[in-house]
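Novice: First the structure, then my questions, so here it is.
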Amino acid sequence: MGKKMSLLMFSGEYDKAMAALILANTAREMKMDVTMFFAFWGLFLLRDPESMSTEDKTTYEKMFGAMTPKGAEDLPLSKMNFSGLGKQMLLEMMEDDDAPKLIDFLEGARKKGVQFYGCKLSMDIMGFKKDELIPELEIATAQKFIEDASESDIQLFI
Amino acid sequence: MGKKMSLLMFSGEYDKAMAALILANTAREMKMDVTMFFAFWGLFLLRDPESMSTEDKTTYEKMFGAMTPKGAEDLPLSKMNFSGLGKQMLLEMMEDDDAPKLIDFLEGARKKGVQFYGCKLSMDIMGFKKDELIPELEIATAQKFIEDASESDIQLFI
Amino acid sequence: MGKKMSLLMFSGEYDKAMAALILANTAREMKMDVTMFFAFWGLFLLRDPESMSTEDKTTYEKMFGAMTPKGAEDLPLSKMNFSGLGKQMLLEMMEDDDAPKLIDFLEGARKKGVQFYGCKLSMDIMGFKKDELIPELEIATAQKFIEDASESDIQLFI
């Protein structure tokens, strides 16, 4: 039976999401099954900037949606972000090495058949609707993550 | 033999502790064994605000004890805390969805028989005494965590 | 067959690196195989302050090298760093308990035969050369980490 990797995506930061998606893409190329379970700030990575909506949201949910990063390329760095200056510098250094951007690794993971789950409780609290996020996303509870992770060869909280 | 989950609680932040305790409660409901090992900032979650003491502490330990969060509900968010304003907003959003608070998930984990360990070295350095923390806590060394984690189906550093 | 632990060192913070290296030393004393894979900010831990160089680097890489922590003892805390004051306080509290410093745990891990890998992509982007880092370091790709982690009994993202 094939090997399996299960990632709990919690942080919602450009650099950590990059590490996670590089692992996800690489593991798929190695024919492993890969599941990514997005909770709390992790969900920002999957927002589609073209599909934002304020419909059916409370005032807090609208404010929260407006204040927080809108998709992969909008995420801040986990350190040295310096209001975006540090991130800009890192992006230039990545370009100098012809390294793909975060959005490219996300596209890769989607094409390669990584399984995407969104934490139901986080989505309810933050007011994110299914059609504001990437279409592959399935909504799931913590039980799903635990079932999945307990059968995986690698589990990481990122 | 039953499945087992082992969490290393390092961060001491409201949102990460929430994720961890939701996993711990859910895994116990699924009849898994759950161990939580608290080190460094993670120990703040287990402080009992009613049992603070400065007895037998150095000046640094007293200062440290006074400057740091006093129990679960006093923890800051890992991001967007904005001196507590961001946390207040998240708490209101949680209340709108009738989601339990962190302290409720901690109570749940205690009632459901999650095993709590506190890192001896961290407690020595920070000057936390056993009776300032929740009574279920057993003091243990890194070796205990490693033994435990190496027999678990899920291990996460949170 | 012996047990194995595999750590993905991402964060580059004094306290998290301390936790990781305590685990690594303890696991080696328990006769486990230990692999540490350093990516992104994690690489700062392995910089040798005596072997810095700006040769063969772009302007950004030189700036980045100059702005970022130079080896283990130069790392900031993940929280309460207060421009180094909080770290100083923690160091004094550690000294009061005769706890070793981070650099000592790093030396221990090197002597005890922990396997050190550096992420090739991170090193390329940041412009770190092999001879600026500790000599034990082997350069490797994400595939190496995944192979390794999928055969480990413990895997943690730190």
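The values are calculated or read from the model by the stated rules, or taken from the named source; none is laboratory data. On a predicted model such as this, the values are computed, not experimentally measured, just so you know. A quick note on method: Cβ atoms are made from the backbone with ideal geometry, for glycine too, and the neighbour counts reach across all protein chains shown.
Novice: Have a look at B:Lys70, B:Lys79 and point out the one that is within 11 Å of chain A (Cβ to nearest Cβ), under 23 Å from C:Leu85 (Cβ atoms) and part of a loop (DSSP other than H, G, I, E, B).
Specialist: From the options B:Lys70, B:Lys79, the qualifying one is B:Lys79.
Novice: A further question on this structure: Given the criteria part of a helix (DSSP H, G or I), at pLDDT below 95 and either farther than 30 Å from B:Ser83 by Cα or touching a His at 6+ places or on another chain (Cβ under 7 Å) (or both), does C:Glu50 qualify?
Specialist: Yes.
Novice: With the requirement that a residue be in contact with a Ser or Thr (Cβ under 7 Å, 6 or more places away or on another chain) and closer than 22 Å to C:Glu147 by Cα, what does region A:137-158 give you?
Specialist: Of all residues in region A:137-158, those in contact with a Ser or Thr (Cβ under 7 Å, 6 or more places away or on another chain) come to A:142-143, A:146, A:148-149, A:152-155, A:158.
Passing the criteria: A:Asp148, A:Ala149, A:Ser152, A:Asp153, A:Ile154, A:Gln155, A:Ile158.
Novice: Which one of these does B:Ile139 not meet: (1) touching a strand residue (DSSP E or B) at 6+ places or on another chain (Cβ under 8 Å); (2) crowded, with 20+ Cβ neighbours inside 10 Å?
Specialist: Evaluating B:Ile139 over (1) touching a strand residue (DSSP E or B) at 6+ places or on another chain (Cβ under 8 Å); (2) crowded, with 20+ Cβ neighbours inside 10 Å leaves (2) as the failure.
Novice: Kindly evaluate C:Phe64 against the criterion of being closer than 26 Å to C:Gly84 by Cα and buried (at least 24 other Cβ atoms within 10 Å of the Cβ).
Specialist: No.
Novice: Would you confirm, using the coordinates I've provided, whether C:Glu61 is more than 14 Å from chain B (Cβ to nearest Cβ), under 18 Å from C:Pro135 (Cβ atoms) and part of a helix (DSSP H, G or I)? Explain how you work it out, then say what you get.
Specialist: Working: more than 14 Å from chain B (Cβ to nearest Cβ): yes; under 18 Å from C:Pro135 (Cβ atoms): no; part of a helix (DSSP H, G or I): yes.
No; evaluated as a whole, the condition is false for this residue.
Novice: Here's a follow-up. Consider only pairs whose beta carbons are under 7 Å apart and that are at least six residues apart or on different chains; among these, list those whose first residue lies in region A:119-131 and is free of Cβ contacts under 8 Å to residues at least 24 places away in the same chain and whose second residue is part of a helix (DSSP H, G or I) and not aromatic (Phe, Trp, Tyr).
Specialist: A:Ile125/B:Met93; A:Ile125/B:Met94
Novice: Can you run down the residue pairs with Cβ atoms below 7 Å, 6 or more apart or on separate chains, where the first is in region A:3-17 and over 16 Å from B:Ile154 (Cβ atoms) and the partner is surrounded by fewer than 24 Cβ atoms within 10 Å (Cβ to Cβ) and among the aliphatic types (A, V, I, L, M)?
Specialist: Pairs that qualify, where the first residue is over 16 Å from B:Ile154 (Cβ atoms) and the partner is surrounded by fewer than 24 Cβ atoms within 10 Å (Cβ to Cβ) and among the aliphatic types (A, V, I, L, M), are A:Ser11/A:Ile158; A:Glu13/A:Leu77; A:Tyr14/A:Leu77; A:Tyr14/A:Leu102; A:Asp15/A:Leu77; A:Lys16/A:Ile158; A:Ala17/A:Leu102.
Novice: Let me ask something additional. Kindly indicate whether C:Asp56 is touching a residue at least 12 places away in the same chain (Cβ under 8 Å), assigned to a loop (DSSP other than H, G, I, E, B) and at positive phi.
Specialist: It is true that C:Asp56 is touching a residue at least 12 places away in the same chain (Cβ under 8 Å), assigned to a loop (DSSP other than H, G, I, E, B) and at positive phi.
Novice: Can we say B:Leu77 is over 26 Å from C:Leu23 (Cα atoms), more than 13 Å from the chain's Cα centre (by Cα) and surrounded by 14 or more Cβ atoms within 10 Å (Cβ to Cβ)?
Specialist: yes
Novice: The conditions are (1) assigned to a helix (DSSP H, G or I); (2) more than 20 Å from B:Asp96 (Cα to Cα); (3) not aliphatic (A, V, I, L, M), and A:Pro100 fails exactly one of them. Which is it?
Specialist: (1) is the only condition that A:Pro100 fails.
Novice: Since B:Leu85 meets every condition but one in (1) at pLDDT below 95; (2) away from chain A (no Cβ under 13 Å); (3) part of a helix (DSSP H, G or I), which condition does it not meet?
Specialist: Looking at each condition in turn, B:Leu85 falls short on (2).
Novice: Here's another thing I want to ask about it. Kindly indicate which of A:Met36, A:Met5 is in a strand (DSSP E or B), modelled with pLDDT of 95 or more and more than 14 Å from the chain's Cα centre (by Cα).
Specialist: The conditions single out A:Met5.
Novice: Still on this structure: Give region C:126-136 a look and list any residue that's touching a strand residue (DSSP E or B) at 6+ places or on another chain (Cβ under 8 Å) and either crowded, with 17+ Cβ neighbours inside 10 Å or within 12 Å of another protein chain (Cβ to nearest Cβ) (or both), or say none. Give the derivation first.
Specialist: Initially, region C:126-136 is screened for residues touching a strand residue (DSSP E or B) at 6+ places or on another chain (Cβ under 8 Å), giving C:128, C:130, C:132-134, C:136.
C:Phe128, C:Glu132, C:Leu133, C:Ile134, listed by residue number.
Novice: Could you tell me how many of the residues in region B:3-54 are away from every other protein chain (no Cβ under 11 Å), of a type in the set (A, V, I, L, M) and farther than 17 Å from B:Ser78 by Cα?
Specialist: 3
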